[in-house]
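Since every read-out is calculated from the coordinates, none of them should be taken as a lab result. Everything quoted here is computed from the prediction, not taken from an experiment. Every residue, glycine among them, receives a Cβ derived from its backbone with ideal geometry; neighbour counts consider all protein chains shown.
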Amino acid sequence: MGAKKLQKELQDKYQVGIGYSTVWAGREIVAEKIYDTWEESFGLLFNFKAEVELRMPGSVVEIELVQKEDGAYFHRFFCCFKPSIDGFLNGCRPYLSIDSTALNGRWNGHLPSATGIDGHNWIFPVAFGFFDSETIDNWTWFMQQLQKAIGNPPYLAISSDACKGIENAVKQVFPWAEHRECFVHLSKNFAKRFVGPAFGRIFPAARTFQPEYHDYLMNKMQLENNEVLPWLHQHHKLKWARSKFLEEIKCDNFTNNVAEVWNKWVKDLKDLPVAELADTLRSKFMDLFARRRRIGEKLDGHTMLPIVVRQLHASSRQLGHLRVLEGGRDEAEVTEVTASHKVIRHVVNLKQHTCTCRGWQVSGKPCPHSLALITSYRNPRMEDFMHPYYSVKHFRLAYAGVIKPLPDKDQWPKVDLGFKVMPPLATRPVGRQRKNRIPGCLENKGNKPRSKGLFQVQCKTCFEFGHRASSPKCCFNGPKKRKSRAKKGGPTKKKKKATPDTNLEINTTPTRPVTRSQLQITIEDGMGTQAAATTSPGPVTRSMQLAATPPRHTKSPAKKTAAATNSPGPMTRSMQLATPPRQTKSAKKTGAKKITPRKGKK
């Protein structure tokens, strides 16, 4: 766990605020007590090799040193366990993904790996190692040790990125192997040089299994720009299109995503000392083999892997655009109408497991055209049309070997070399070591895509999205006091002047509401209305103001009062409750007579 994450965990779990430098220094002290010193870890690799060869005979573990005048320095390391060798040769397809990821501990070396795939398309770890940099010499040495482990299989496909060191090493050690290049790396380089809608044909050119259609698309791009084919032949000589793949490999992967999965799998371990890193990877291999061995034991009664069979059944429900015309019991013509209204016809042979689109031959699973013919029969068995690489038998053989558990490193055999193994000669660059690699300009930044409206800022202190480290929204930052505008000399709001012609002033921002009983008492008391309204602490609604406000005195108050009393407008419930009680007949007799003013003479 990094120091920043550890600091956040201490804050959240124990409510303890400790500085970053203190957390980092304490983490280094604890790591040294648990894993020993960084310098001693390189010498412990010889003890690890002796323990692995004792527990798992047949494993290939090689360590190479560099002799100098002042001592022997560590150079590179390779490890391949015996169960991984047997599982790859007996249960996996002959496909290896080669890549390297940078270590981010005290040594700025690299962790190369060779990873296969099983019938489930899950990663199958084969070998790993350590060296200082991705040079041709280091990659050639790694490939030579890999050849010593797996031998020379008749068919082998090696997939890698556009690394020249791997390309030259494969040519030297495995010259007969099919070397594939990751199409993702190729497409990024291609998009930097050739821009336009016409060059989007390179994606269907890589996905198609038909050589004729591939050549058709490439010629279209060549007519658009005559530099396309020369540039590809010069900078990307390896195989990157499915139409060029061998049919014996039974793997149609044209990307190097298997290696990326491995890099993600070991990401949190790359800062460990090398001896502890090798032992931790062995533990992960052991746990992975044990879990998948239990999965294989539960597949009794199945010939092929159930998940692959379900995928084929799901694909067979989307074949309405295909028309089947049978020519024999196991042969038929399948006509396809593409989205661009193009009619393509293929020939399917169920007995030979072939289709003219080459999808069945390359992948080992029925293509859509063959599925259209298979599902035309009643109760078809998908297991009869799949390659044995997808069988339960091969899956069990891949994980049949047991990677033995090892004791603590204090109990490993002590190897006396007669000299002390020194750390590598490679110097660490100045500055803080990077934990994450620098993504490319055309690459999604993990969970922060650079497309419009989707980018989110991430705080570097609390690792939450939506604010930066200096924002008050961060849980590690206290609230910041705002400066008042008056101190800065800013403009102040002008107070509104009271209107002189209003006889009644009602406070429209009271603190407490006025009850109905208070309002009725206020209305009954004629002169107390203004005082009650002005001193009332509660809010007054508009209907309550209309009911409580008496009419203004004008030149003819009697006429205005009569007009107000004889108004035919609607009465709300609040106005009805607020109206004074009606006068009885006795009250009318005893009441004073109304005096109407005389009109003046003109």
For T356, the residues 5 or more places away or on another chain with a placed amide H closer than 5 Å to its own amide H are V347
Of 408-418, 457-467, ordering from highest average Cβ density within 10 Å down gives 457-467, 408-418
Each label sits 7 Å from Cα toward the beta-carbon; between A400 and V195 the label points are separated, in nm, by 5.7
Farthest towards the positive end of the dipole of region 304-387, among N349, L305, T335 and with Cβ unit charges of +1 on Lys and Arg and -1 on Asp and Glu, lies the Cα of L305
Partner aspartates and glutamates whose C-alpha sits under 20 Å from that of K250, ignoring same-chain residues fewer than 8 away, are D86, D118, E178, E181, E383, D384
In region 98-184 the DSSP beta bridges are antiparallel at a rate, in percent to nearest 5, of 75
Computed for region 304-387: size of charge dipole around the Cα centre, +1 on C-beta of each Lys and Arg, -1 on C-beta of each Asp and Glu, debye to nearest 20, value 160
K220 and A469 label points (each 7 Å along its Cα→Cβ direction) are spaced in nm at 4.9
Given unit charges at Cβ for Lys, Arg (+) and Asp, Glu (-), the dipole magnitude of region 1-103 about its Cα centre in debye, nearest 20, is 520
Label model pair A339, S133: point-to-point distance (7 angstrom along the Cα→beta-carbon line) in nm is 4.6
Once the dipole of region 1-159 is set up from charges on Cβ (+1 Lys and Arg, -1 Asp and Glu), the residue from the list I123, L96, G58 lying farthest towards its positive end is I123
